[in-house]
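Contents: one structure, followed by commentary.
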Amino acid sequence: MRNEHATTICLEHQAAETQATPHGTVCPRCKQRLYLNPPQGNLMSFWESQPVAYTLEREPCFAYSLLWEDYRIRSLHLPDTTSADEPATQVKSHS
């Protein structure tokens, strides 16, 4: 499996999150766990308030958690590298 185009990575299994579930996209091993042994309790989801890592370009990567009483899925969200964002101070001329 290649992680080149992954924008989220499971921090538990160090795998790209490519599998769709009712709770969002997860890695294959987390999806297997969700379907074979569903977590118990209420689901809480939240972003961690501080970056958990940085890219080589020093862009922050944040973690997102899905938390039940007996299971937690923690995902590393990489910055979107497909869009070429320009600073707001630059204006394109269309003439």
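Filter region 6-35 down to the residues that are under 14 Å from residue 67 (Cα atoms), in contact with a helix residue (DSSP H, G or I) (Cβ under 8 Å, 6 or more places away or on another chain) and surrounded by fewer than 18 Cβ atoms within 10 Å (Cβ to Cβ) and list them by number. 12, 23, listed by residue number. The number of residues in region 31-63 that are outside any strand (DSSP E or B) and farther than 11 Å from residue 75 by Cα comes to 21. Can you work out which of the residues in region 43-73 that are at pLDDT 95 or above and out of contact with any strand residue (DSSP E or B) (no Cβ under 9 Å at 6 or more places or on another chain) is nearest to residue 12 (Cα to Cα)? Among those that are at pLDDT 95 or above and out of contact with any strand residue (DSSP E or B) (no Cβ under 9 Å at 6 or more places or on another chain), it is 71. I'm told residue 24 meets every condition in (1) on the phi > 0 side of the Ramachandran plot; (2) at pLDDT 95 or above except one. Can you identify the failing condition by its number? That leaves (2) as the condition not met.
The values are calculated or read from the model by the stated rules, or taken from the named source; none is laboratory data. Keep in mind that this is a model prediction, so the values were computed, not measured. Positions of Cβ are generated from backbone atoms using ideal geometry, with glycine treated the same way; all protein chains shown enter the neighbour counts.
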